[in-house]
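Take a look at the structure set out below.
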Amino acid sequence: MDEGSNPSGSTNKGNEQFKQIGQFKEYVLDIAKKQINEHTDISFDYQLYKKGRSFEFIQIYVDTSKNNPQQLEIDYKEPIEYQKNVRAVMAYGISEEYAILIVKDGYDDFIKFIEKVNERARKGEIKVENAPAYIIGTYQKKGILPNK
């Protein structure tokens with residue numbers, strides 16, 4: 001993939017870098033695919049194409065003929081902003097149950113935590129292999145999430 005690649009072989013996504021295409025698939029493409037397929041009225045899939053040993057491009061498939069889309073429920077007992085914040089936390093691969101607990105602890109604190117982790121990862125101070133597990137583990141240590 002030419003666009004989004006650099007000479008070191010890392011794939012860039014915003015401020016994040018992925019050393020291997022497998023990480024890009026796991027943390028970007030597969031999460032986007034799951035969320036789009038579960039929460040919209042379209043079906044999304046993709047295929048990676050190689051040229052030699054390198055990936056040359058991604059082909060994206062979109063089908064708008066999905067019959068029964070799963071709609072996101074609006075809970076009229078909870079404020080819309082709260083519901084948006086829960087969904088935003090879930091976008092990191094966190095379950096709804098844990099996302100609710102994280103948002104109740106403070107959504108702004110969660111965003112600051114994510115920014116701090118990203119900054120430390122960019123500086124090479126930490127290496128995060130599995131972002132959802134890292135987030136859950138940190139919040140379990142803080143006593144916000146239960147240890148299962």
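The values are calculated or read from the model by the stated rules, or taken from the named source; none is laboratory data. Note that this is a predicted model, so its numbers are computed, not measured. All Cβ positions, glycine included, derive from the backbone under ideal geometry; neighbour counts span all protein chains shown.
Figures for the structure shown
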{"item": "Where Thr138 falls short, out of the listed (1) touching a residue at least 24 places away in the same chain (Cβ under 8 Å); (2) under 16 Å from the mean Cα position of the chain (by Cα)", "result": "(2)"}
{"item": "Selection within the stretch 34-61 - under 17 Å from the mean Cα position of the chain (by Cα) and part of a strand (DSSP E or B)", "result": "Phe44, Asp45, Tyr46"}
{"item": "Selected residue (criterion: farthest from Ile100 (Cα to Cα)) from residues of the stretch 115-136 that are not in a loop (DSSP other than H, G, I, E, B) and not aliphatic (A, V, I, L, M)", "result": "Arg122"}
{"item": "Scope the stretch 114-133; condition crowded, with 17+ Cβ neighbours inside 10 Å and modelled with pLDDT of 90 or more; matching residues", "result": "Val117"}
{"item": "Residue check for Ile94: of a type in the set (Val, Ile, Thr), assigned to a helix (DSSP H, G or I) and either at pLDDT 90 or above or closer than 20 Å to Thr40 by Cα (or both)", "result": "no"}
{"item": "Residue in the stretch 86-94 that is free of Cβ contacts under 8 Å to residues at least 24 places away in the same chain, at negative phi, exposed (fewer than 14 other Cβ atoms within 10 Å of the Cβ) and of a type outside the set (A, V, I, L, M) present", "result": "no"}
{"item": "Some residue of the stretch 86-101 being over 24 Å from Glu38 (Cβ atoms) and not assigned by TED's automatic domain parsing to the domain that holds Ala32", "result": "no"}
{"item": "Long-range neighbours under 9 Å by Cβ, at least six apart or interchain, first residue farther than 14 Å from Glu96 by Cα within the stretch 72-84, second assigned to a loop (DSSP other than H, G, I, E, B) and at pLDDT 90 or above", "result": "none"}
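Residue by residue, here is whether (1) of a type in the set (Lys, Arg); (2) surrounded by 13 or more Cβ atoms within 10 Å (Cβ to Cβ); (3) at pLDDT 85 or above holds:
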| site | (1), (2), (3) |
| --- | --- |
| Asn15 | no, no, no |
| Val28 | no, yes, yes |
| Lys33 | yes, yes, yes |
| Leu48 | no, yes, yes |
| Glu81 | no, no, yes |
| Ile100 | no, yes, yes |
| Tyr107 | no, yes, yes |
